Amino acid sequence: MMGKPLCMFQYTRFFNSCVIPGEDCDEIQVYDHNQRHIVILRNNCMWVLDVLDEQGNALSVPELVNAFEAVRAEATGLFDLERYPPVSVLTSENRTNWAKARAYLISLDACNKESLEIIEKALFVVALDETSPANSEQVAQNCLLGDGRNRWYDKPVVLVVHENARTGINGQHAWADALVVVRIFAYCAKYVNDNFKQFFAHKTVMGPPKHTPRRLKWKIDNNALTAIECASAAISKLIQASDLSTLLFQHYGHAFLKRYKLSPDYFIQQAIQLAYYKMYKELPAVYETAHTRLFYHGRTETVRSLTNESLAFVKTMESTAEVLFSTEYSFDEWMILILPSTHSTEYSFYRGLILPSVLVLPSTECVDIIFLQASVKWEVLQTALKRHGQVLKNSLLAQGVDRHLMGLQIVSEMSGITPRPSLFTDKAFELTKRYRISTSNISGTAGASPIWGGFSAMYNDGYGVCYALQPDRINFSITAYHTDPTTSAATFKRHLEAALLDMVELCLSRNVIYVGQSNL
């Protein structure tokens, strides 16, 4: 990036690693790179399968298919008495509770310890789900949480394969950030697409399979069963509360925006804020993720997307009130309407908009200003985009404020400083870091299959918005919680689509001809 290398450390934790729960603090454990097995989940049971031989050669696709079919057949044929309770649901529990349950399982029987070690050391986990989601929204919902049972949430990657061959992943976030996972799976998708035919050059496998899946064993008593039941109840509540909607926006993509010399990411950030403003007539703190991999072991910094400039933009875009009495003035391309002060209370919503510095108005304390011309909106958009770029660049260069302040807060808490520093108890400080809009750009590499992604909202009254830009489309996933009556992922999606269309109309209003492919 910017001609400089990025830290690749996160990639070293993709395979044969696991987050081990602790009562006070979890640990990311990376095992020896000589692991050769994966773990397969199906119908509350788990199987181990060696996918590499002693020389490191991978099983062929037909051999893998045979192994997966063997797991499906065995899982279907199991009688109820042969099935174990869903031990995997414990990984969805409160981390302290899961740490205690894990320690108890290990103490209960040696087979539990062996099964846990096999799972935790596995290259990755494959979940063969019994559901057949009909659309991307159902796939996203199932990959995010599923039923809470056919997952091992501590693993970096759980590859979820549905009965109808729709596929996704469930990822643990502690070991790495989203773009690392996106890069890996973008490469995988391209590799599969480029070599699909040769994978099935030999459709049948002669002779007995080289590697046979082996079912893992568990010893469960009443105490362990109680822990499993408590975890099942907790994850069921979370699943019911989860509100998710997806938007496949096909009117345009990053190719169209680049022809207008607009940064696609900056543009989408303004569209998300405009959508929220359309819905609530206000803006909360907005979070965007920026990586700091220009630095050794760098992870992320916060991009505080809400700025004075972005607030001015959304207000300007929504300035559509009816004018009852007006005197019209023209100043070059700026069109304003001066309203008598007797009507100012009706239009107080428009106060605070940014004015050009060269504009001089008579009796400004008695009037309100309404911008109408598209050229004004365009200029305000340009100002907001420029400001967002400055904030993003600072974050990428580790010049943000959130991680610095978080470090100071943690140090003060660990040091037992009393009373707490006033900054960390200030209401304004708490408000500015309460990100009710949390966003992430996971756009993949060029030429790879389109990738969707998503995450749960940070707050009960907030939204999580994840987006991936393609040349001719934009994929969004939007999350909220049903437990808050003021939020709705579906309603936010409608406002987001409207915002994107309003903003493209603004682009098309420019008196410029651009050459290139688009869907418009």
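Go through segment 187-242 and report how many residues are β-branched (V, I, T), at pLDDT 85 or above and more than 19 Å from R151 (Cβ to Cβ). Step through it out loud before you land on a result.
First, the residues of segment 187-242 that are β-branched (V, I, T): 192, 204-205, 212, 220, 226, 228, 235, 239.
The next check asks that each one be at pLDDT 85 or above; those that pass are 192, 212, 220, 226, 228, 235, 239.
If we keep only those that are more than 19 Å from R151 (Cβ to Cβ) as well, we get 192, 212, 226.
Final tally of qualifying residues: 3.
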Going by the structure shown, is A165 on the phi > 0 side of the Ramachandran plot and either over 17 Å from the mean Cα position of the chain (by Cα) or not β-branched (V, I, T) (or both)? yes
When H37 is evaluated against the numbered criteria (1) under 23 Å from F199 (Cβ atoms); (2) touching a Cys at 6+ places or on another chain (Cβ under 7 Å), which criterion, by number, is the only one it fails? (2)
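Matching residues to (1) among the hydroxyl-bearing types (S, T, Y); (2) in the same structural domain as N135 (by TED's automatic domain parsing); (3) touching a Ser or Thr at 6+ places or on another chain (Cβ under 8 Å); (4) at pLDDT below 95:
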{"site": "I417", "(1), (2), (3), (4)": "no, no, no, yes"}
{"site": "I442", "(1), (2), (3), (4)": "no, no, no, yes"}
{"site": "A446", "(1), (2), (3), (4)": "no, no, no, yes"}
{"site": "P450", "(1), (2), (3), (4)": "no, no, no, yes"}
{"site": "G454", "(1), (2), (3), (4)": "no, no, yes, yes"}
{"site": "A457", "(1), (2), (3), (4)": "no, no, yes, no"}
{"site": "Y463", "(1), (2), (3), (4)": "yes, no, yes, no"}
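If I ask for residues that are of a type in the set (V, I, T) and assigned to a loop (DSSP other than H, G, I, E, B), which ones from segment 145-158 would you list?
Of segment 145-158, the ones of a type in the set (V, I, T) are 157-158.
Those that are of a type in the set (V, I, T) and assigned to a loop (DSSP other than H, G, I, E, B): none in segment 145-158.
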For residues that are in contact with a helix residue (DSSP H, G or I) (Cβ under 9 Å, 6 or more places away or on another chain), part of a strand (DSSP E or B) and more than 18 Å from L123 (Cβ to Cβ), tally how many sit in segment 1-51. 1
V65 passes all but one of (1) within 16 Å of L128 (Cβ to Cβ); (2) of a type outside the set (D, E, K, R); (3) at pLDDT 95 or above; (4) surrounded by fewer than 16 Cβ atoms within 10 Å (Cβ to Cβ); which number fails? (3)
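Out of the residues in segment 366-381 that are assigned to a helix (DSSP H, G or I) and either aliphatic (A, V, I, L, M) or at pLDDT below 90 (or both), which is nearest to D265 (Cα to Cα)? First the steps, then the outcome.
Pass one, segment 366-381, residues assigned to a helix (DSSP H, G or I): 366, 374-381.
Cutting the leftovers down to either aliphatic (A, V, I, L, M) or at pLDDT below 90 (or both) gives us 366, 374-376, 380-381.
Numbers: C366: 39, A374: 22, S375: 22, V376: 22, V380: 17, L381: 13 Å.
That would be L381.
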So, in segment 263-279, of the ones that are more than 17 Å from T479 (Cβ to Cβ) and among the hydroxyl-bearing types (S, T, Y), which residue ends up surrounded by the most Cβ atoms within 10 Å (Cβ to Cβ)? Y266
Selection count where residues are surrounded by fewer than 18 Cβ atoms within 10 Å (Cβ to Cβ) and farther than 21 Å from P213 by Cβ, scope segment 94-128: 12
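Restricting segment 154-189 to residues that are among the polar types (S, T, N, Q) and touching a residue at least 40 places away in the same chain (Cβ under 8 Å), which is farthest from A134 (Cα to Cα)?
Q172
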Can you tell me which residue among F455, F492 is on the phi < 0 side of the Ramachandran plot, buried (at least 24 other Cβ atoms within 10 Å of the Cβ) and not in a strand (DSSP E or B)? F492
Name the single residue that is surrounded by the fewest Cβ atoms within 10 Å (Cβ to Cβ) among those in segment 131-144 being touching a Lys or Arg at 6+ places or on another chain (Cβ under 8 Å) and part of a loop (DSSP other than H, G, I, E, B). S132
Those residues that are under 24 Å from the mean Cα position of the chain (by Cα), touching a residue at least 60 places away in the same chain (Cβ under 8 Å) and surrounded by 16 or more Cβ atoms within 10 Å (Cβ to Cβ), I need them from segment 377-402; list them, please. A384, L385, R387, H388, V391, L392, S395, L396, G400, D402
Counting only residues that are closer than 15 Å to L105 by Cα and of a type in the set (A, V, I, L, M, F, W, C), which one in segment 209-230 is surrounded by the most Cβ atoms within 10 Å (Cβ to Cβ)? A227
Residues of segment 81-138 being in contact with a Gly (Cβ under 7 Å, 6 or more places away or on another chain), hydrophobic (A, V, I, L, M, F, W, C) and under 20 Å from L41 (Cβ atoms), which ones? V89
Got a sec? Which of L59, L41 is in contact (Cβ under 8 Å) with a residue 24 or more places away in the chain and over 20 Å from Y191 (Cβ atoms)? L41
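Return the residue satisfying two criteria in turn: it lies in segment 285-306 and is small (G, A, S) and in a strand (DSSP E or B), and of such residues it is surrounded by the fewest Cβ atoms within 10 Å (Cβ to Cβ). Break it down into steps so the answer makes sense when it comes.
First, the residues of segment 285-306 that are small (G, A, S): 285, 290, 298, 305.
After this cut, where a residue has to be in a strand (DSSP E or B) as well, the list is 285, 290.
Details: A285: 17, A290: 21.
The residue in question is A285.
I'd like to verify a number: residues in segment 391-404 that are in a helix (DSSP H, G or I) and within 19 Å of K4 (Cβ to Cβ), how many? Please lay out each step first, then the result.
First pass over segment 391-404, keeping only residues in a helix (DSSP H, G or I): 391-396, 402-404.
Next, only the ones that are within 19 Å of K4 (Cβ to Cβ) stay: 392-396.
Residues in segment 391-404 being in a helix (DSSP H, G or I) and within 19 Å of K4 (Cβ to Cβ): 5 in total.
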If you take the residues in segment 69-80 that are over 12 Å from M46 (Cα atoms) and assigned to a helix (DSSP H, G or I), which one is modelled with the lowest pLDDT? D80
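Do we find a residue being without any contact (Cβ under 8 Å) to a residue 12 or more places away in the chain, under 30 Å from T96 (Cβ atoms) and of a type outside the set (A, V, I, L, M, F, W, C) anywhere in segment 220-228? Before you say what the answer is, go through the steps one by one.
Our first condition is that a residue be without any contact (Cβ under 8 Å) to a residue 12 or more places away in the chain; within segment 220-228, this holds for 222, 226.
Now restrict to residues that are under 30 Å from T96 (Cβ atoms): 222, 226.
Remaining after also requiring of a type outside the set (A, V, I, L, M, F, W, C): 222, 226.
There is at least one residue in segment 220-228 that is without any contact (Cβ under 8 Å) to a residue 12 or more places away in the chain, under 30 Å from T96 (Cβ atoms) and of a type outside the set (A, V, I, L, M, F, W, C).
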Boolean, N44 is out of contact with any Ser or Thr (no Cβ under 6 Å at 6 or more places or on another chain), closer than 25 Å to W98 by Cα and modelled with pLDDT under 95: yes
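The values are calculated or read from the model by the stated rules, or taken from the named source; none is laboratory data. Everything quoted here is computed from the prediction, not taken from an experiment. A quick note on method: Cβ atoms are made from the backbone with ideal geometry, for glycine too, and the neighbour counts reach across all protein chains shown.
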